[in-house]
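Trainee: Pasting in a structure now, in structure tokens, and then I'll have a few things to ask.
The values are calculated or read from the model by the stated rules, or taken from the named source; none is laboratory data. Note that the structure is a prediction, hence the values are computed from the model and not measured. Neighbour counts run over all protein chains shown; Cβ positions are idealised from the backbone, glycine included. Each accessible area value is taken on the protein alone, full model and side chains, heavy atoms only, with ligands, DNA and RNA left out. Shrake-Rupley method; radii C 1.70, N 1.55, O 1.52, S 1.80 Å.
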Amino acid sequence: KASIYLNLFLCELSEEFSSTKNDIAHKIKNIIKLGMNKNITNREIARELKIGIRTAEINFKSRFGTTIHRYTIEQKINQAKFFLKYYPDMKIIQIASDLGFYDEYHFSRLFKKETGITIVTYINAQKIQLACEKLKFTKSGVEKIAFECGFHSSMYFCRLFKETFGLTPGEYRKREQL
């Protein structure tokens, strides 16, 4: 009987410890989301939760399969992509500042390292994607679409469009409207 009670007790302890680990991991995630606009360190997270740095890192990695640092970077890059997609006129230096990066150069290097493309390439891809929608669903002229999508030169827009699709915007519109 004693061994059965001991096993039950150990199972309860194990479940309680497991839920505590998950709670810690989720609390870390929330701290990261709330501190997105600054560089919050693992030490600061651990101090806020009153646990050791290693405990924080181990709990987080066992729950989410990634390190706190990697998760923070991924979240900041995703937030940057959101800004770049929905606020294309927002300055890169402003995005970098809002996300707690030291400067726009540090942010730009990290963006390229994480995504494989430069910020300018990403922005242009978003603009080209918007232009494709306008070419398909409006009768606006190519020059007007170029300016509506944030290009300052219709010649640059046409060159970039052709590099991307192998077609001019006019050829693309004809092909898509068939």
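Trainee: Which residue, of 96, 131, 146, is more than 30 Å from residue 37 (Cβ to Cβ) and free of Cβ contacts under 8 Å to residues at least 24 places away in the same chain?
Mentor: Details: 96 fails: more than 30 Å from residue 37 (Cβ to Cβ); 131 fails: free of Cβ contacts under 8 Å to residues at least 24 places away in the same chain.
One residue alone meets the criteria, 146.
Trainee: Scan 38, 27 and give me the residue that is charged (D, E, K, R), part of a loop (DSSP other than H, G, I, E, B), open to solvent by 80 Å² or more (accessible area, probe 1.4 Å) and over 30 Å from residue 148 (Cα atoms). Write out each step before concluding.
Mentor: On the way: 27 fails: part of a loop (DSSP other than H, G, I, E, B).
After ruling out the rest, the residue left standing is 38.
Trainee: Return yes when residue 162 is assigned to a helix (DSSP H, G or I), under 17 Å from the mean Cα position of the chain (by Cα) and modelled with pLDDT of 95 or more and no when it is not.
Mentor: Values: assigned to a helix (DSSP H, G or I): yes; under 17 Å from the mean Cα position of the chain (by Cα): no; modelled with pLDDT of 95 or more: yes.
In short, no.
Trainee: While we're here: Which of the residues spanning region 41-86 are aliphatic (A, V, I, L, M) and open to solvent by 30 Å² or more (accessible area, probe 1.4 Å)? Let's see the steps before the verdict.
Mentor: If we filter region 41-86 for residues that are aliphatic (A, V, I, L, M), which is where we start, we get 45-46, 49, 51, 53, 56, 58, 68, 73, 77, 80, 84.
If the condition is that a residue be aliphatic (A, V, I, L, M) and open to solvent by 30 Å² or more (accessible area, probe 1.4 Å), then 49, 51, 53, 58 are the ones that fit.
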